[in-house]
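Participant: Here's a structure for you.
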Amino acid sequence: MAFDTGLAVLVLGVAVWTITARDTFAAVVGFVAFGLLLALVWVRLAAPDVALTEAAIGSGVTGGLLLGAHTHLRRTETAAAGELPGAALRLAAAVLCAMVSAGLAAIVLLLPEPAPTLAPQVAANIATTGLGNPVTAVLMAYRAVDTLLETVVLLLALLGIWSLAPDRVWGGFPGPHHDADPQGVLTFAAQLLVPVGILVGVHIFWVGSVAPGGEFQAATILAAMWILAAMVGLVDAPPVSRRWLRILLVAGPAVFFAIGLAGFAMAGAFLAYPPPYAKLLILTIEIPLTLSIAATLALLVAGPPERAPQR
Amino acid sequence: MADFLLAAAGFVLAMVALGLVRILRGPGDADRIMAAQLLGTGGIAALLLLVEAMSVPAAVDVALILALLAAFVSVAFVKGAARTEADGA
Amino acid sequence: MSLGLDVLTILAVCAGAFFFLAGTVGLLRFPDALCRLHALTKADNLGLGLIVLGLLFQVEGPFAALKLISVWLLTLLAGATVTQLIARTARPGGTPE
C-alpha cells in the first residue's frame with residue numbers, strides 16, 4: 001500500500017516537473033522518465049502487455065521522436081520563448097485538464113462492482129483462435145479491424161511527415177547524415193546492442209501468442225535498433241522514393257486486408273478465420289505486419305527528407 | 001519474502017526520486033542525462049524486484065525492453081546534447 | 001534449503017540497495033560532473049548486479065535465470081557506453097565531435 005502511494009506520488013511529481021520545465025531538453029528527459037514510471041505502474045496493476053507497450057513505444061520511441069523535434073526546434077527556441085501564451089490562456093487550459101481528469105476519476109471510481117467486462121467471454125472462446133494470450137486474441141482475432149485501421153493510420157502519419165519536405169529534397173534521404181567512427185565507443189556498442197536487440201524483438205514477437213508480447217512491441221524494438229544503428233552511422237536511411245521501401249511499408253496492411261477479404265470466402269465475414277486455420281492465418285498476417293510497422297516507426301522517427309535523392 | 005522484495009523496490013524507487021533532484025538542479029545537460037541513466041537502472045531494478053514480489057514472471061520481458069530502450073534513449077540524448085554544444089546554443 | 005536461499009536473497013538485495021544509495025548520494029553531493037559519473041556507475045554495476053544475484057536464488061528454471069543475467073549484461077553495456085560519451089560531453093571544452 002505504501003509502495004503504491006509512493007509510486008503514484010512520484011509519477012505525479014515527474015509529470016508536474018515535465019510540464020513546468022523551461023528547457024525542451026529537460027522536458028524530454030522528464031517525459032521519458034514519466035514513461036518508465038508508468039510502465040512500473042502497469043506491472044503493479046498486473047497488465048504486462050500494456051507495460052511492454054508503454055516501455056517500448058510510450059517511453060522509448062516517442063522519446064526519440066521528441067528529441068528529434070527538440071533538435072529541429074533548437075534554432076527557434078529563444079524566439080519562441082518570447083511568445084509564450086498569457087496567464088489567462090494557461091489558466092483556462094489547466095482548468096480544462098483538471099475537469100477531464102476529474103471526469104475520468106469519477107467514471108473509474110463509480111464503476112459498479114464487479115465492473116462490466118467481456119473478459120469471461122474472451123476466455124471462453126479463446127480456444128477457437130488457437131492463441132494462448134487473451135490480449136493478442138483481442139488484437140488479432142476479436143477486434144482485428146481495429147488493428148488493421150491502426151496500421152493504416154500509422155502509414156497516413158508517415159505520409160504527413162514526408163509531405164513536410166521542401167521541393168528540392170522531395171523523395172530524398174530522411175534525416176541528417178551521421179558519420180561513423182570505426183574505432184569509436186558508439187560503433188562498438190551498437191555492433192553489440194543491435195544484434196541482441198533484434199534477437200529480443202524476435203523473441204517478444206514469437207512469445208506473444210502465449211504470453212505478454214506481440215507484433216507491436218516487437219516492431220518497436222526492431223525500429224529502435226535500426227534508429228540506433230542509423231544514429232551511430234552504421235546504416236543510412238534509404239531515400240523515401242525507393243520502390244522497395246514503399247512495398248515494404250505497404251506489404252503488412254495489404255496482406256492483412258487481403259486475408260480480411262478472403263474471410264468472406266472462407267468463413268462468411270470480413271476478417272473471419274475458419275477455426276482450424278486461425279493460428280496459421282494470424283501468423284501469416286503478423287510476420288509482414290511486424291516488418292511493415294517496424295519500417296514505419298523507424299521512418300517516423302527519422303523525419304522528413306532532408307537530403308536530395310541524387311547524391 | 002514478497003513483502004521484503006516490495007520494500008526493497010520501494011527503497012530503490014525512493015533513491016530514483018532523489019536522483020531526479022539532480023535533473024531539476026543539474027547545471028548542464030550531462031547531469032540530466034546522468035540522472036536519466038540512474039532512473040533507467042533504478043527502474044529496471046525496482047521492476048525486477050516487483051516481478052518477483054508479485055509473481056508475474058512474464059514481466060521480466062518488460063525489464064529486457066527497458067534495458068534495450070534505455071540504451072537507445074541514452075545514445076539519442078547524448079547525440080542531442082552533443083549537437084547543443086557544437087551549435088554553441 | 002529454502003530458508004538458506006531466502007537469507008542469501010535478503011543479503012544480496014540489501015547490499016544492492018546499499019550501492020544504489022551510495023550512487024544516489026554521490027550523484028547529489030559530488031562537486032564535479034565527472035565525479036558524479038563515477039558514483040553513478042557503482043549503482044549500475046554493483047547495485048543492479050547484486051539485486052539480480054539475489055533474485056537468481058528465487059527464480060525457477062534456467063531460462064528465467066538467463067533472462068535476469070541478460071538484463072544485467074545489457075544494462076552494463078549500455079551504461080559503459082553512455083558514461084564514456086557523457087564524460088566527453090562533460091569534459092571542460094566539450095566534445096571534439
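Participant: Identify all residues within the stretch A:267-281 that are part of a loop (DSSP other than H, G, I, E, B) and touching a helix residue (DSSP H, G or I) at 6+ places or on another chain (Cβ under 8 Å); write none if there are none.
Facilitator: The initial filter retains those residues of the stretch A:267-281 that are part of a loop (DSSP other than H, G, I, E, B), namely A:268-274.
Those that are part of a loop (DSSP other than H, G, I, E, B) and touching a helix residue (DSSP H, G or I) at 6+ places or on another chain (Cβ under 8 Å): A:Ala269, A:Phe270, A:Leu271, A:Ala272, A:Tyr273, A:Pro274.
Participant: Considering only the stretch A:112-140, state which residues are surrounded by fewer than 10 Cβ atoms within 10 Å (Cβ to Cβ) and not in a helix (DSSP H, G or I).
Facilitator: Once the filter is applied, which keeps residues that are surrounded by fewer than 10 Cβ atoms within 10 Å (Cβ to Cβ) and not in a helix (DSSP H, G or I), the stretch A:112-140 yields A:Pro112, A:Glu113, A:Pro114, A:Ala115, A:Pro116, A:Thr117, A:Leu118.
Participant: Does A:Met266 satisfy being closer than 18 Å to A:Thr129 by Cβ, out of contact with any Phe, Trp or Tyr (no Cβ under 6 Å at 6 or more places or on another chain) and either among the hydrophobic types (A, V, I, L, M, F, W, C) or more than 14 Å from chain B (Cβ to nearest Cβ) (or both)?
Facilitator: Spelling it out, A:Met266 is indeed closer than 18 Å to A:Thr129 by Cβ, out of contact with any Phe, Trp or Tyr (no Cβ under 6 Å at 6 or more places or on another chain) and either among the hydrophobic types (A, V, I, L, M, F, W, C) or more than 14 Å from chain B (Cβ to nearest Cβ) (or both).
Participant: Right, next: Give all pairs with beta carbons closer than 6 Å in which a residue from the stretch B:63-81 that is farther than 15 Å from A:Gly201 by Cα and more than 9 Å from chain C (Cβ to nearest Cβ) meets a residue that is of a type outside the set (Gly, Ala, Ser) and in a helix (DSSP H, G or I); count only pairs at least 6 apart in sequence or on separate chains.
Facilitator: Listed pairs, sorted by first residue: B:Val73/A:Val32; B:Ala76/A:Leu67; B:Gly80/A:Leu67; B:Gly80/A:Thr71.
Participant: To continue, here is another question. Could you tell me which of the residues C:Leu66, C:Leu74, C:Leu40 is more than 8 Å from chain B (Cβ to nearest Cβ) and either touching a helix residue (DSSP H, G or I) at 6+ places or on another chain (Cβ under 6 Å) or surrounded by fewer than 17 Cβ atoms within 10 Å (Cβ to Cβ) (or both)? Before the answer, list the steps.
Facilitator: Working: C:Leu74 fails: more than 8 Å from chain B (Cβ to nearest Cβ); C:Leu40 fails: more than 8 Å from chain B (Cβ to nearest Cβ).
Answer to the selection: C:Leu66.
Participant: Can you tell me which residue is farthest from A:Ala26 (Cα to Cα) among those in the stretch B:3-61 that are part of a loop (DSSP other than H, G, I, E, B) and not hydroxyl-bearing (Ser, Thr, Tyr)? Break it down stepwise before answering.
Facilitator: Just the residues of the stretch B:3-61 that are part of a loop (DSSP other than H, G, I, E, B), to begin with: B:26-28, B:55-56.
Next, from what is left, pick out any that are not hydroxyl-bearing (Ser, Thr, Tyr): B:26-28, B:56.
Working: B:Gly26: 10, B:Pro27: 11, B:Gly28: 10, B:Val56: 33 Å.
Selected residue: B:Val56.
Participant: Something else: Listed residues B:Gly80, B:Gly19; which is closer than 17 Å to A:Leu7 by Cα and modelled with pLDDT under 85?
Facilitator: From the options B:Gly80, B:Gly19, the qualifying one is B:Gly19.
Participant: Could you check A:Ile247 against (1) under 25 Å from A:Arg143 (Cα atoms); (2) modelled with pLDDT of 85 or more; (3) loosely packed, with under 14 Cβ neighbours inside 10 Å and say which number it fails?
Facilitator: Only one criterion is unmet by A:Ile247, namely (1).
Participant: Checking the structure you have, find out if any residue of the stretch C:53-61 is more than 7 Å from every other protein chain (Cβ to nearest Cβ), farther than 13 Å from B:Ala45 by Cα, out of contact with any helix residue (DSSP H, G or I) (no Cβ under 6 Å at 6 or more places or on another chain) and surrounded by fewer than 20 Cβ atoms within 10 Å (Cβ to Cβ).
Facilitator: Looking through the stretch C:53-61, at least one residue is more than 7 Å from every other protein chain (Cβ to nearest Cβ), farther than 13 Å from B:Ala45 by Cα, out of contact with any helix residue (DSSP H, G or I) (no Cβ under 6 Å at 6 or more places or on another chain) and surrounded by fewer than 20 Cβ atoms within 10 Å (Cβ to Cβ).
Participant: Further question: Return yes or no: is A:Leu65 farther than 19 Å from B:Gly43 by Cα, more than 8 Å from chain B (Cβ to nearest Cβ) and out of contact with any strand residue (DSSP E or B) (no Cβ under 7 Å at 6 or more places or on another chain)? Quick ask: steps written out before the conclusion?
Facilitator: Numbers: farther than 19 Å from B:Gly43 by Cα: yes; more than 8 Å from chain B (Cβ to nearest Cβ): yes; out of contact with any strand residue (DSSP E or B) (no Cβ under 7 Å at 6 or more places or on another chain): yes.
It is true that A:Leu65 is farther than 19 Å from B:Gly43 by Cα, more than 8 Å from chain B (Cβ to nearest Cβ) and out of contact with any strand residue (DSSP E or B) (no Cβ under 7 Å at 6 or more places or on another chain).
Participant: Just name the residue that is nearest to A:Val14 (Cα to Cα) out of those in the stretch A:34-74 that are among the charged types (D, E, K, R) and under 16 Å from the mean Cα position of the chain (by Cα).
Facilitator: From the stretch A:34-74, those among the charged types (D, E, K, R) are A:44, A:49, A:54, A:74; that's our starting set.
Now restrict to residues that are under 16 Å from the mean Cα position of the chain (by Cα): A:49, A:54.
Working: A:Asp49: 23, A:Glu54: 16 Å.
Step by step, filter the stretch A:34-74, then rank; the result is A:Glu54.
Participant: Does C:Gly49 fit the bill of being at pLDDT 90 or above, under 15 Å from B:Ala45 (Cα atoms) and under 11 Å from the mean Cα position of the chain (by Cα)? Give the derivation first.
Facilitator: Values: at pLDDT 90 or above: yes; under 15 Å from B:Ala45 (Cα atoms): yes; under 11 Å from the mean Cα position of the chain (by Cα): yes.
The answer is yes for C:Gly49.
Participant: Next question, about the same structure. Across the stretch A:177-209, what is the number of residues that are away from chain C (no Cβ under 13 Å) and in a loop (DSSP other than H, G, I, E, B)?
Facilitator: 4
Participant: What pairs can you find where one residue is in the stretch C:13-26 and modelled with pLDDT under 90, the other is part of a helix (DSSP H, G or I) and of a type in the set (Ser, Thr, Tyr), and their Cβ atoms are less than 9 Å apart, with a gap of 6+ or different chains?
Facilitator: Within 9 Å, the pairs are C:Phe20/B:Thr41; C:Gly23/B:Thr41; C:Gly23/C:Thr41.
The values are calculated or read from the model by the stated rules, or taken from the named source; none is laboratory data. The shown structure was predicted, so the numbers you read here are calculated from the model rather than taken from an experiment. Positions of Cβ are generated from backbone atoms using ideal geometry, with glycine treated the same way; all protein chains shown enter the neighbour counts.
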